[in-house]
């Protein structure tokens, strides 16, 4: 069987629009995430705000602490001189 000659392909980069590859700035939430966050905060405000959260901390400490774990930053950056003291107040008595 005779072999076919290799086809030569030229490198023709496609012309991109001027704003291609920019995307959102780093750390900026997308529109859906912002809309969902606004709805959650609105529902929290209608449910009683801080008083509602305090009631949930008392009545459902596991769920409340799970929420706290998702809301608090998971990473801290910066420089530290001296000691760092972290005091977590949950309202849940310890044995």
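The values are calculated or read from the model by the stated rules, or taken from the named source; none is laboratory data. Keep in mind that this is a model prediction, so the values were computed, not measured. Methodologically, a virtual Cβ is constructed for each residue, glycine included, from the backbone with ideal geometry; neighbour enumeration extends over all protein chains shown.
List the pairs whose first member sits in region 32-60 and is surrounded by 10 or more Cβ atoms within 10 Å (Cβ to Cβ), whose second member is outside any helix (DSSP H, G or I), and whose Cβ atoms are under 8 Å apart, counting only residues at least 6 apart or on separate chains?
Going by the 8 Å Cβ cut-off, the qualifying pairs are 37/29; 54/91; 55/48; 57/90; 57/91; 57/92; 58/91.
In the list 78, 91, 82, 23, which residue meets the criterion of being in contact with a helix residue (DSSP H, G or I) (Cβ under 7 Å, 6 or more places away or on another chain) and either assigned to a loop (DSSP other than H, G, I, E, B) or modelled with pLDDT under 85 (or both)?
Being in contact with a helix residue (DSSP H, G or I) (Cβ under 7 Å, 6 or more places away or on another chain) and either assigned to a loop (DSSP other than H, G, I, E, B) or modelled with pLDDT under 85 (or both) holds for just one of 78, 91, 82, 23, which is 91.
Surrounded by 10 or more Cβ atoms within 10 Å (Cβ to Cβ) and within 21 Å of residue 93 (Cβ to Cβ) - does that describe any residue in region 67-81?
Filtering region 67-81 down to residues surrounded by 10 or more Cβ atoms within 10 Å (Cβ to Cβ) leaves 67-68.
From the residues that got through so far, the ones that are within 21 Å of residue 93 (Cβ to Cβ) too are 67-68.
Looking for residues that are surrounded by 10 or more Cβ atoms within 10 Å (Cβ to Cβ) and within 21 Å of residue 93 (Cβ to Cβ), one finds at least one in region 67-81, hence yes.
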